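> Before I ask anything, here is the structure I am working with.
The values are calculated or read from the model by the stated rules, or taken from the named source; none is laboratory data. Since the structure is predicted, the reported quantities are computational estimates derived from the model, not experimental observations. Please note: Cβ atoms are built from the backbone with ideal geometry, for glycine as well, and neighbour counts cover all protein chains shown.
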Amino acid sequence: MRDDPAFSRKIAVADLPRRGKDFRIEASADELAEIARRFNLPAVEALSGTYHVGPAARGARVRGEVRARLSQTCIVSLQPFEAEIREPVDVAFAAPLEQSGISDAAGKEISISPDDEDPPEPLIGGKIDLGAVTLEFLALGIDPYPRKPGIEFAPRLVEDADEKPPSPFAALKALRQKGEGEG
């Protein structure tokens, strides 16, 4: 998770109690405006994250949910519409190997399976930025091809061969024929 000054809420892992701690974070009006700009959205009305952060091997684990209310632009009608996002969060954080005293497998082959759990995110300075976590899971929850409810894409069907749209290469063919006729 990268450090993101647009929405930053850092917590120190060393300060966590053994049973962990619950956190609720919300973006301010200024932060919402900056987030909307960064994500190229008409507006972000609300953004919050509720998390339980507990100790884990060499670091901590963050579990919770990101919620957002925002405006998106429909890719079919180009009209803005309201959307709600609820994205579950489950991320492990750990100190980088060189800081934890554990040697890495330098020069050895590493096997990765899609069924394995993701490797932990690095703890930077012993802290987790819950704001950055929130933004990353917001990005995962935003539909990259949003459609306003009730709007369907209806492609134009060409039934008659005479109504076929011209090929994009028809103009090139005409230029070539024109050039051959002049020479």
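> Take segment 14-46 and flag every residue that is touching a Pro at 6+ places or on another chain (Cβ under 9 Å), of a type in the set (A, V, I, L, M, F, W, C) and surrounded by fewer than 17 Cβ atoms within 10 Å (Cβ to Cβ).
L16, A43
> Determine whether A94 is modelled with pLDDT under 95 and surrounded by 16 or more Cβ atoms within 10 Å (Cβ to Cβ).
It is true that A94 is modelled with pLDDT under 95 and surrounded by 16 or more Cβ atoms within 10 Å (Cβ to Cβ).
> Going by the structure shown, is A139 aliphatic (A, V, I, L, M), loosely packed, with under 10 Cβ neighbours inside 10 Å and either closer than 30 Å to R58 by Cα or modelled with pLDDT of 85 or more (or both)?
Taking the combined requirement at face value, the residue does not satisfy it.
> From the set of residues in segment 110-133 that are at pLDDT below 85 and of a type in the set (G, A, S), which is nearest to the chain's Cα centre (by Cα)?
This residue is S113.
> Just wondering, is there one or more residues in segment 68-80 that are of a type in the set (A, V, I, L, M) and within 15 Å of the chain's Cα centre (by Cα)? Steps first, please.
In the first step, residues of segment 68-80 are kept if they are of a type in the set (A, V, I, L, M); the result is 68, 70, 75-76, 78.
The next check asks that each one be within 15 Å of the chain's Cα centre (by Cα); those that pass are 68, 70.
Checked against the condition, which is being of a type in the set (A, V, I, L, M) and within 15 Å of the chain's Cα centre (by Cα), segment 68-80 yields at least one hit.
> Hey, among V44, V91, which residue is of a type in the set (V, I, T), part of a strand (DSSP E or B) and either without any contact (Cβ under 8 Å) to a residue 24 or more places away in the chain or touching a helix residue (DSSP H, G or I) at 6+ places or on another chain (Cβ under 6 Å) (or both)?
That would be V44, the only listed residue that is of a type in the set (V, I, T), part of a strand (DSSP E or B) and either without any contact (Cβ under 8 Å) to a residue 24 or more places away in the chain or touching a helix residue (DSSP H, G or I) at 6+ places or on another chain (Cβ under 6 Å) (or both).
> Hey, can you tell me all the residues within segment 47-87 that are among the basic types (K, R), surrounded by 17 or more Cβ atoms within 10 Å (Cβ to Cβ) and either part of a strand (DSSP E or B) or at pLDDT 95 or above (or both)?
Across segment 47-87, the qualifying residues are R61, R67.
> Let me ask something else about it. Confirm whether A161 is within 29 Å of L70 (Cα to Cα), at pLDDT below 80, out of contact with any Gly (no Cβ under 9 Å at 6 or more places or on another chain) and exposed (fewer than 10 other Cβ atoms within 10 Å of the Cβ).
So A161 fails the test.
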